[in-house]
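What follows is a set of notes on a single structure, which appears directly below.
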Amino acid sequence: MRIRSKLFYERALNSIPGGVNSPVRACKAVKSDPVFFEKGEGAYLIDVDGNRYIDYVCSWGPLILGHAHQEVIASVYFASKKGTSFGAPTWQEVELAELIKSCFPSIEKIRLVNSGTEATMSAIRLARAYTKRKKIIKFEGCYHGHVDSLLVKAGSGLATFGIPASPGIPEELTTHTLNLPFNNFEEIEKAFKEYGEEIAGIIVEPIAGNMGVILPKKGFLEFLREITQKYGALLIFDEVITGFRIGISGAQGKFGITPDLTCLGKIIGGGLPVGAYGGKSEIMSLVAPEGPVYQAGTLSGNPIAVSAGLATLKELIKPGTYEKLEAISQKLENGIKEVLKKLKLPYQVNRAGSMLTLFFTEKEVIDFKTALTSDTEKFAIFWQKMLEKGIYLPPSQFEAWFVSLAHGEKEIEKTIKIIYEVLKEMHQ
Ligand SMILES: *Cc1c(COP(=O)(O)O)cnc(C)c1O
């Protein structure tokens with residue numbers, strides 16, 4: 001029963017558009033009402049009616065240590081006692097910058113902002129300023145926050161120019177965005193042949209997480225590195241999800257690629273609002289006040305948020321962290337695959353480290369088009385039944401499930417058992 005959730009939702013609808021402060025939370029894609037939460041504990045969420053769930057949303061990625069991790073909570077508490085914001089530099093910002101740099105060799109200088117959206121928006125401004133070019137390539141199904149010029153959908157016919165994906169975005173702002181299929185070498189080659197001299201950069205999620213988890217094809221990221229270098233464009237890795245999730249050096253560390261700029265967010269704030277963009281000194285030195293490219297923020301580098309980020313990263317750099325995360329995530333993947341085999345279901349499981357998606361399709365999912373072959377009606381039923389049995393999954397087929405260090409064998413085994421029950425029920 002979720003009586004209080006229902007009551008809060010009714011009230012919320014009167015005061016907040018759609019009752020939520022970020023659209024996916026409304027659970028429309030799974031034909032449900034949102035669950036209102038009271039608290040989190042490790043791998044668990046507890047809703048306002050007292051129901052308990054194993055959580056695979058983990059605040060959409062930031063909570064890699066699980067909910068209310070002791071070290072993070074302590075750092076937030078002690079930081080807040082000293083004041084909530086100064087609008088002036090603090091030593092914690094220097095520590096966070098140095099720690100991130102020590103993990104990401106491609107980052108020589110870094111600027112902290114308040115969200116992933118701000119990070120990508122600023123990185124694109126910088127790429128355009130540095131190259132003195134206008135066009136940006138992004139990929140269908142990749143999400144880089146709600147930046148006007150990146151909220152595009154594919155145009156019709158041969159046109160690769162993005163058209164606004166939302167009312168309120170003038171076409172003039174998206175005409176410089178080329179929207180190409182992920183993992184498609186030929187289309188990128190074609191775009192550079194045609195517009196090479198005008199392209200400021202490519203922005204890419206090196207492992208896509210916003211159309212469900214999709215891995216880059218072998219050689220894809222290397223290809224992006226080479227072609228951008230050849231044409232004098234910048235390669236921007238949006239590692240807002242993958243940074244500190246795929247490994248201590250993000251996806252760039254895993255694949256051994258050095259991007260020119262990197263966007264970070266989510267995990268580096270430990271559940272508080274922090275984003276960052278960084279890269280080569282030569283490029284970052286253009287950012288104000290060192291250079292002419294304007295970018296600012298009243299609360300940027302906020303001491304409480306930065307302390308939560310620092311506490312999180314300090315846990316993550318301890319030896320064995322990512323091995324543990326990999327082992328537990330592998331167990332979840334194997335378990336789901338065994339269930340699918342037992343029930344003779346042809347669905348796909350894509351996983352990269354502790355991010356995973358179960359796609360309700362027979363097709364191998366390698367890009368947005370193949371992701372869209374998933375049966376979203378089936379996913380909606382699956383999601384609802386999982387919720388009833390105490391498993392909170394991302395309320396959309398096209399999202400990553402996140403495993404945290406708080407998820408143990410017990411939680412994974414329970415999850416697999418429930419997936420078996422639910423899928424069996426659905427396919428009788
Ligand atoms: C979440 C996300 C963003 C946007 O971050 P916000 O903090 O929500 O603004 C940007 N890029 C990627 C890859 C993301 O997953």
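The values are calculated or read from the model by the stated rules, or taken from the named source; none is laboratory data. Because the structure is predicted, anything quoted here is derived from the model rather than measured. So basically every Cβ, Gly included, is an ideal-geometry build from the backbone, and we count neighbours across all protein chains shown. All accessible areas refer to the heavy atoms of the entire protein, side chains included, with ligands and DNA or RNA removed. Shrake-Rupley method; radii C 1.70, N 1.55, O 1.52, S 1.80 Å.
Worth a mention:
- Residues satisfying the stated conditions in the stretch 401-425, i.e. of a type in the set (Val, Ile, Thr) and open to solvent by 20 Å² or more (accessible area, probe 1.4 Å): Ile416
- Every residue from the stretch 133-150 that is open to solvent by 10 Å² or more (accessible area, probe 1.4 Å), away from the ligand (no atom under 12 Å from the Cβ) and touching a residue at least 40 places away in the same chain (Cβ under 8 Å): Arg133, Lys134, Lys135, Glu140
- Residues (under 18 Å from Ile381 (Cα atoms) and of a type in the set (Gly, Ala, Ser)) located in the stretch 393-422: Ser396, Ala400
- Just so you know, in the stretch 114-136 the residues that are part of a loop (DSSP other than H, G, I, E, B) and under 11 Å from Gly275 (Cα atoms) include one that is nearest to the chain's Cα centre (by Cα), and it is Ser115.
- Boolean, Lys318 is farther than 26 Å from Glu425 by Cβ, open to solvent by 60 Å² or more (accessible area, probe 1.4 Å) and not aliphatic (A, V, I, L, M): yes
- The stretch 370-384, residues that are open to solvent by 20 Å² or more (accessible area, probe 1.4 Å), of a type in the set (A, V, I, L, M) and either outside the structural domain of Tyr347 (by TED's automatic domain parsing) or under 21 Å from Ala208 (Cβ atoms) (or both): Leu372
- Taking the criterion of being touching a residue at least 40 places away in the same chain (Cβ under 8 Å) and over 20 Å from the mean Cα position of the chain (by Cα), the residues of the stretch 204-250 that qualify are Gly232, Ala233, Leu234.
- Residues of the stretch 234-280 satisfying the condition of being closer than 28 Å to Ala79 by Cα, open to solvent by 10 Å² or more (accessible area, probe 1.4 Å) and of a type in the set (D, E, K, R): Lys266
- Positions within the stretch 224-233 being out of contact with any strand residue (DSSP E or B) (no Cβ under 6 Å at 6 or more places or on another chain) and open to solvent by less than 30 Å² (accessible area, probe 1.4 Å), in sequence order: Ile227
- Cross-chain or 6+ apart pairs with Cβ under 7 Å, the stretch 352-371 first and touching a residue at least 12 places away in the same chain (Cβ under 8 Å), then in a strand (DSSP E or B) and open to solvent by 30 Å² or more (accessible area, probe 1.4 Å): Phe359/Gln348; Thr361/Gln348; Glu364/Gln348; Val365/Gln348
- Sole exception among (1) closer than 19 Å to Thr258 by Cβ; (2) within 16 Å of the ligand (Cβ to nearest atom); (3) free of Cβ contacts under 8 Å to residues at least 40 places away in the same chain for Ala127, by number: (3)
- Taking the listed residues Glu326, Glu338, the one that is more than 21 Å from the chain's Cα centre (by Cα) and open to solvent by 20 Å² or more (accessible area, probe 1.4 Å) is Glu338, with no other qualifying.
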